[in-house]
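Okay, so here's the structure we're looking at.
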Amino acid sequence: MLLDVKWAVRWLTMCAEAMAENRAWLIELDRPIGDSDHGENMDRGFQAVLEKLAEAPPETPGAALKLTAMTLMSKVGGAAGPLYGTAFLRAATAFGDALEVDPAGLATALMAARDGIVARGKAESGDKTMVDAWTPAAEAAQAAADGTGNVLAVLVAAAEAAEAGAVATDPLVARKGRASYLGERSAGHRDPGAASSALILRAAVGAAA
Amino acid sequence: MLLDVKWAVRWLTMCAEAMAENRAWLIELDRPIGDSDHGENMDRGFQAVLEKLAEAPPETPGAALKLTAMTLMSKVGGAAGPLYGTAFLRAATAFGDALEVDPAGLATALMAARDGIVARGKAESGDKTMVDAWTPAAEAAQAAADGTGNVLAVLVAAAEAAEAGAVATDPLVARKGRASYLGERSAGHRDPGAASSALILRAAVGAAA
Amino acid sequence: MKKLINDPRSVVDESVEGFGLAHADLVTVSADPKYVTRKDAPVAGKVGLLSGGGSGHEPLHAGYVGRGMLDAAVPGAVFTSPTPDQILPATLAINSGAGVVHIVKNYTGDVLNFETAAELAQAEGVEVRTVFVNDDVAVEDSLYTAGRRGVGGTVLVEKIAGAAAERGDSLDAVAAIGDRVNSNVRTMGVALSACTVPHAGTPSFELADNEIEIGIGIHGEPGRHKIPMENADGITDRLLEPVLSDLGISSGDKVLLFVNGMGGTPLSELYIVYRRAAQVLAERGATVERSLVGNYITALEMQGCSISVLRLDDEMTQLWDAPVHTAALRWGV
Amino acid sequence: MKKLINDPRSVVDESVEGFGLAHADLVTVSADPKYVTRKDAPVAGKVGLLSGGGSGHEPLHAGYVGRGMLDAAVPGAVFTSPTPDQILPATLAINSGAGVVHIVKNYTGDVLNFETAAELAQAEGVEVRTVFVNDDVAVEDSLYTAGRRGVGGTVLVEKIAGAAAERGDSLDAVAAIGDRVNSNVRTMGVALSACTVPHAGTPSFELADNEIEIGIGIHGEPGRHKIPMENADGITDRLLEPVLSDLGISSGDKVLLFVNGMGGTPLSELYIVYRRAAQVLAERGATVERSLVGNYITALEMQGCSISVLRLDDEMTQLWDAPVHTAALRWGV
Ligand SMILES: Nc1ncnc2c1ncn2[C@@H]1O[C@H](COP(=O)(O)OP(=O)(O)O)[C@@H](O)[C@H]1O
Ligand SMILES: Nc1ncnc2c1ncn2[C@@H]1O[C@H](COP(=O)(O)OP(=O)(O)O)[C@@H](O)[C@H]1O
Ligand SMILES: [Mg+2]
Ligand SMILES: [Mg+2]
Ligand SMILES: [Mg+2]
Ligand SMILES: [Mg+2]
């Protein structure tokens, strides 16, 4: 099985569902160490993505991700908007015009997405940001693709690594983003952007399953 | 026994004590149907009276009351300041230069005080104001003086009538003062000015006992 | 009670002292007796304008002392009218010989204290006129009550009468324009939360999480009735309707629309109320010629707002537009 | 949560609409994409000045649009930076050909979104310079962190850079004076209570009755640490000390002292804080040349304040005094 535009649209639709369902939770994560808007931002952004997808259905996975990138960039705001916008844009570029994506292409795109986030936000691993979900996810995807993995295995590897990465932000002291203003007091809380990243990659599995 | 300047100073001192002790209670009475300041106002006013009495000890009961009137007028503010100021001023005028006050003189002074409050505030009996304490008090004092009463009996009659009058404001709907803004909602609360009036007349008994 | 204060008993002293330091170019502060005068008072030949009342309504009244508005403000204790021994010297300090107008919000305490001060001033040879402000439609007005309260309209009376005094109107003329503003302005307020008077230490009334007080005044006193929480448009309609019908606003009227915050409500919410009020006025065919939105007469940190509508005539509009230079209201200079 | 709103999702739309109605003489509102421009923008030959950021800090930024200050304000969702598709058209709308300066509070989201918009604007041939504001001494500043936040100093940067643009300074000169203000201003804040973001519905943090948050920002985020409640003088000293030592204020310095309310604190309390701050500055031998006291950059209905000190030079003082005509700041016109 390869990933086609139907998968991409299903993925983005499931992202929108996940953001709607987890809106309150993501707000709650953003409350103690941020400004209580991450769930609202992500929900607003992905609802707008749904509308755009309905207005002008894309024909390739890359087109679907590009449309997502532009929409998130213009509707999310805050830190997450440009970061996710860049991530989806880099992944879209990696997919190019291909009608279908294979395991290697998928892993490359996930790594490109991660690199985009790092280039944009200048955070390193351990800074308690979404990078802490994306770096292990992209690396696990690469490893799975290098192995005998099919696309589903690559997606599962990425999702599981992202979730573990998000959980692992709990004890960290933030050095980037709003949580950094709290210094030591940021420890003991999960990073909301890492949490939403894990939701996005989990949705990618659901869309392929 | 007649009432002399020592009694007057004791009275005013006991007023000050009563206001300090009942400051919080009078504020609490003023909260639901007023603006939470009556206890603060009365306490501030009578503390200032104490200072004035110490600075320039008066030589007659009338002088003591006049000094009180001027002090309350300049330190209390709000509705209570001018009303009590007028009451004490009228009583002082009724006492004149006398060194001692007899039952008839006392009753006359209390009636003058009441009349001053009515002249100033234009409230009638039943409007749920301090008039509802002063009118029965002045009338009871008159009756006691007309009978076989001594000054103590006159003071006791006034104090008891004032207390009953204050209690009787509970069910009334206010038509004057701040409580009138609440309309029907003012019923079920004691008028703070009637309550402080009863405290003042109760202190007059204590000072004579 | 959490407040940025040092001692409940020194709140007014220290606040007025800070005000004087921050606005030393505009005002002079007398510490005892406490009052605030315009730096260049008395202004030769000009009618003096004085207002005052309990503290806790800042920027009222000291914030309106300056060119084109008040010559003096007399602050009482929190929510307690000032006393004649403050009002009298303030009156004397701003009298240039042309007389002084007292602008008094209609509360028993204020009325009695200003009445006494005015008598004493007259006795010292100063002509005094008093303009009573009683714009609150939430309160029943009759001979047998204390009458309507002075609330939001006070700011408008002070601005417009202040401009009249500044342009050189006579004592009677300044008082007359003050009365005219008062007759043409109505106000109604709502509270979403109570406030806490520093010396009392507990909130002035209780409201459940889903309740609001309609017909609130500016002294933390309860309003006319509690109702369940509504949205901003619903609340605006409820406040505006009695204001407009009491004023008899009809198509073609020109008005000033004043949405006032009670102290603890974000400005953004006041603009949401303003939006709806402007819609309603447009539907009625009235033209909003001038607007004022902000915290101009407050009740400490109370959350809520009031809506005032002033029916304008050309002279009032002109006087409203005239230059004003005070700590809280400034334009044209 | 009790707020004068209709729907948490329409708060910004309706508030900005009301703002546009109330100040139609000053501004034009674009509803979608959402931004506010000065009525007469673009002003021929003048450098355009644009700022923006999350909503909830009113009167920032729309309240500062007008002559002598901003040409455009771009409001995001509550506490969420606006997006490039708002910032770009606003930038184009105010460009007269002389270029546009973006004033950006240093938050990751704002920085990234403005950065993108600036790139897009440059691609369309508009020269853009960006002034970052990062005056909050509560936050550690290092290469390895997100750096200091932009807070109270933003208002001062906007006023002074705005005056420079109005007098005809070049693009680089306007940006340079903005940077100079930013380098000479420091701020620190305290919260006595949290605020509630409308779409979140619960307070942004918890504070016990006897606790306050020191080092608070303007987004309802918790501060650096909680301490037991203190009196106003104690709190003022705590806020001012790091501000003064970070700035290195010494005897003979001339400063602007800005005591800012977070939205839910009575003005009277801000003056109590001002009083103490002025005392401390006097003790240090510094001269308070200019003052600003009020709610100028807020965090919804949060109770608390911030203290900013700006070290003035003659040019900054002159630019501060220059005429300004906006909804929230006005003088000289
Ligand atoms: N410099 C950065 N690099 C990578 N991710 C970041 C950076 N700054 C913030 N983030 C991510 O953004 C998330 C916050 O997003 P959001 O709440 O929507 O924006 P804001 O912080 O502007 O309110 C954080 O939880 C973190 O994962
Ligand atoms: N017109 C009036 N006549 C008589 N007493 C009045 C009148 N108005 C108010 N009072 C009395 O004044 C009391 C309130 O005093 P206080 O709280 O000190 O002043 P304020 O109402 O100005 O806050 C009321 O409880 C009432 O007894
Ligand atoms: Mg956030
Ligand atoms: Mg009272
Ligand atoms: Mg009172
Ligand atoms: Mg945000």
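None of the figures in this text is laboratory data; all of them are computed from the coordinates on show. Computed from a prediction, not measured in an experiment: that's the story for all the values here. So basically every Cβ, Gly included, is an ideal-geometry build from the backbone, and we count neighbours across all protein chains shown.
Computed values, structure above
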{"item": "Cα→Cβ-extended label distance, 7 Å offset, between A:E28 and C:S10, nm", "result": "4.6 nm"}
{"item": "Point-to-point label distance, C:R284-D:D40, nm (Cα→Cβ direction, 7 Å offset)", "result": "3.5 nm"}
{"item": "Cα centre as origin, Lys/Arg/Asp/Glu Cβ charges: segment D:33-81 dipole, Debye", "result": "120 debye"}
{"item": "Square roots of five times the Cα gyration tensor eigenvalues for segment A:5-208, Å", "result": "26, 19, 14"}
{"item": "Label-point separation, D:A208 to A:K122 (7 Å along Cα→Cβ), nm", "result": "4.0 nm"}
{"item": "Charge-dipole axis of chain B as Lys and Arg at +1 and Asp and Glu at -1 on Cβ define it, positive-most pick from B:M111, B:A209, B:M73", "result": "B:M73"}
{"item": "Loop GluC sites (Glu not before Pro), segment C:87-187 (other Cβ atoms within 10 Å of the site Cβ: 12 or fewer; DSSP)", "result": "C:E124"}
{"item": "Share of alpha-carbon pairs per 10 Å distance bin for the protein assembly as shown, given as whole %", "result": "2, 11, 18, 21, 18, 12, 8, 5, 3, 1, 0, 0"}
{"item": "Kyte-Doolittle mean at least 1.6 and Cα axial length at least 18 Å: DSSP H helices in chain B", "result": "B:151-167"}
{"item": "Chain D: antiparallel DSSP beta bridges as a percent of all, rounded to 5", "result": "55 percent"}
{"item": "Most mobile listed residue (D:A41, D:A277, D:A200) in chain D, GNM with C-alpha springs under 10 Å", "result": "D:A200"}
{"item": "Rounded, prolate or oblate (a/c below 1.5 giving rounded, otherwise prolate when a/b exceeds b/c) for chain D by Cα gyration tensor", "result": "oblate"}
{"item": "Helix-only [θ]222 nm of the protein assembly as shown, DSSP H runs n ≥ 4, -39500 (n - 2.57) each, per residue, nearest 500", "result": "-15500 deg cm²/dmol"}
{"item": "Kyte-Doolittle mean at least -1.0, axial Cα span of 20 Å or more - DSSP H helices of chain C", "result": "C:108-123, C:232-247, C:267-283"}
{"item": "Euclidean distance of C-alpha centroids, segment C:100-167 and segment A:130-209, integer Å", "result": "68 Å"}
{"item": "Assigned charges on the beta-carbon of Lys, Arg, Asp, Glu; segment A:5-208 dipole about Cα centre (debye)", "result": "380 debye"}
{"item": "Inter-chain Cβ neighbour average for residues B:65-74, partner chain, 10 Å", "result": "2"}
{"item": "Residue mean of other protein chain beta carbons inside 10 Å, C:103-112", "result": "5"}
{"item": "The protein assembly as shown - charge dipole about Cα centre, Lys and Arg +1 at Cβ, Asp and Glu -1, debye rounded to 20", "result": "680 debye"}
{"item": "Choice from A:A159, A:A18, A:A119 showing the highest fluctuation, given a GNM over chain A with Cα pairs closer than 10 Å", "result": "A:A119"}
{"item": "Least to most buried among D:V137, A:V5 (fewest other Cβ within 10 Å first)", "result": "A:V5, D:V137"}
{"item": "22 Å tail of the calculated P(r), segment D:157-270, as % of Cα pairs", "result": "48 percent"}
{"item": "Antiparallel %, DSSP beta bridges [both residues in the protein assembly as shown], to 5", "result": "55 percent"}
{"item": "Relative contact order (%) - criterion: Cα under 8 Å, at least six apart; region: chain D", "result": "18 percent"}
{"item": "Positive-end residue, the protein assembly as shown charge dipole about Cα centroid, Cβ charges, pick of D:A175, A:G45, D:P198", "result": "D:A175"}
{"item": "Prolate/oblate/rounded label for segment C:267-307 (Cα gyration tensor, a/c 1.5)", "result": "prolate"}
{"item": "Förster radius 22 Å - calculated FRET efficiency between A:E17 and A:N150 (Cβ-Cβ, nearest 0.05)", "result": "0.35"}
{"item": "Among B:K66, B:K75, B:K176, residue whose mean-square fluctuation peaks in a GNM of chain B (springs only between Cα atoms under 10 Å)", "result": "B:K176"}
{"item": "Residue exposure sequence - D:W320, A:W134, A:W11, B:W25 - by fewest surrounding Cβ within 10 Å", "result": "B:W25, D:W320, A:W11, A:W134"}
{"item": "Cβ neighbours within 10 Å from other chains - mean over C:23-35", "result": "1"}
{"item": "Gyration tensor verdict on segment A:34-97 (Cα atoms; rounded if a/c is under 1.5, prolate if a/b is larger than b/c, oblate otherwise)", "result": "oblate"}
{"item": "Furthest towards positive pole of dipole, A:T13, A:L172, A:G121, structure part segment A:5-208, Cβ charges", "result": "A:G121"}
{"item": "Ranked list, fewest to most other Cβ atoms within 10 Å of each Cβ, for C:S193, D:S245, D:S30", "result": "D:S245, D:S30, C:S193"}
